[in-house]
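What follows is a set of notes on a single structure, which appears directly below.
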């Protein structure tokens, strides 16, 4: 009995003893957890312009959660292995997680990795989500927060920034004059997405890349790794088996980091997380290079995960940790216009669909005619949630779009916080976010659809609002 009393007393007082040992006299805590979100076989995968029926699971998909607590403010970050997540699902997940943990919804940042081989969470092109899966998702994403919050323990935090330029390429190319680039609306574009390797008409990429990999690491007071959050501006990799579910390189990165850090089997488990940066016009194919040798399914994403993992591990090994940093969250809802079709465009779309006379659209003209009919019923304006977190001297901005790399680079350059990085596809889904200059060039990412419908000046208005949020964080910085 005496031993039991001593054990209980030790458990009650251990955190207090740790608080006395921190250099600041304050307690910083962190917790992390994963939650399985793998969809059922036979349901939808929205990785293409036609719906894909899930036939098998190559690797499980997860929501990976991290909760940080400075003693006054708790922040939660969840990154889910999905192509995109609608705001309704995220709002429901935040509500449920908040009811259990008491973390305010405004302090939760929830995003998608953008794997094209996950379950369907929202309607895009010819895919629609299974209603049971949507409910399951909101519960399981909430669970990632709840479980991470349950695992809170005294911790230290640090960060660094790596760089890996070999895996990111701008996928929008200007072509040599003289050959028109026609889009599905019967109009001419000035750039082409994924123009083909060794295409003799290639001129130059239409924009830059961002090779940086910011890395945040948290470890227990005794030095055991709790979680790692990285960010890379790479769209996705792909190359899966037919109808197979996979977390893409994001999941393989998490597995590789487990191996490299050497804590497989740790309790609670170490949770590595890769978030999607501003990759709306970036992919993993070197369009200006040579045609590569063919690879088996999953080989390419595994290679990318290993290369990125090596750079992240290099950064991880040199991180200097702080016993305590302050945390702040700010967010703002804005309304942006929708690029709706005019009467002539609707008539053209109806004619194309009538001639197709089939339930599944196959040609690009047919697919975008179907999208035109969907967008005509959208409201004139839609709401978006913009968000910014401050973690000590570091800032994270969150945007509910597939954000062009120029926007992320601009935010990094002008932010009052160093480092700053952006998480795309966060707190909802509002399609691609090109700059006004890219709208003038045209190309796939600007074509009006459920995947691209915000007003031409959307990026300008979003960036302006984000800098206002960053200024608020600066003013609140103790």
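For (1) surrounded by 15 or more Cβ atoms within 10 Å (Cβ to Cβ); (2) assigned by TED's automatic domain parsing to the domain that holds residue 40; (3) closer than 30 Å to residue 195 by Cα; (4) modelled with pLDDT of 95 or more, each residue gets a yes or a no:
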| site | (1), (2), (3), (4) |
| --- | --- |
| 216 | yes, yes, no, yes |
| 233 | yes, yes, yes, yes |
| 244 | yes, yes, yes, yes |
| 250 | yes, yes, yes, yes |
| 273 | yes, yes, no, yes |
| 282 | yes, yes, yes, yes |
| 288 | yes, yes, yes, yes |
| 294 | no, yes, yes, no |
Of the residues in region 412-426, those that are in contact with a helix residue (DSSP H, G or I) (Cβ under 8 Å, 6 or more places away or on another chain) and surrounded by fewer than 24 Cβ atoms within 10 Å (Cβ to Cβ) come to 414, 415, 416, 417, 419, 420
Within region 75-91, of all residues that are in contact with a helix residue (DSSP H, G or I) (Cβ under 6 Å, 6 or more places away or on another chain) and under 13 Å from residue 104 (Cα atoms), the one surrounded by the most Cβ atoms within 10 Å (Cβ to Cβ) is 76
Name the residues in region 312-345 that are in a loop (DSSP other than H, G, I, E, B) and touching a residue at least 12 places away in the same chain (Cβ under 8 Å), would you? 318, 319, 320, 321, 323, 324, 325, 326, 339, 340, 341
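For (1) closer than 22 Å to residue 429 by Cα; (2) under 14 Å from the mean Cα position of the chain (by Cα); (3) in a helix (DSSP H, G or I); (4) outside the structural domain of residue 328 (by TED's automatic domain parsing), each residue gets a yes or a no:
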{"residue": "38", "(1), (2), (3), (4)": "yes, no, no, no"}
{"residue": "67", "(1), (2), (3), (4)": "no, no, no, no"}
{"residue": "79", "(1), (2), (3), (4)": "yes, yes, no, no"}
{"residue": "91", "(1), (2), (3), (4)": "yes, no, yes, no"}
{"residue": "111", "(1), (2), (3), (4)": "yes, yes, no, no"}
Residues of region 53-74 being closer than 21 Å to residue 230 by Cα and buried (at least 18 other Cβ atoms within 10 Å of the Cβ), in sequence order, are 59, 61, 62, 63, 64, 65, 66, 67, 68, 69, 70, 74
Which of the strands (runs of 3 or more DSSP E) found entirely inside region 131-209 contain at least 3 residues meeting this: within 30 Å of residue 25 (Cβ to Cβ), at pLDDT below 95 and not assigned by TED's automatic domain parsing to the domain that holds residue 279? none
Index of the failed condition, residue 413 passing every other in (1) part of a helix (DSSP H, G or I); (2) in the same structural domain as residue 75 (by TED's automatic domain parsing); (3) in contact (Cβ under 8 Å) with a residue 24 or more places away in the chain: (3)
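The values are calculated or read from the model by the stated rules, or taken from the named source; none is laboratory data. Since the model is a prediction, treat every value here as computed from it, not as a measurement. So basically every Cβ, Gly included, is an ideal-geometry build from the backbone, and we count neighbours across all protein chains shown.
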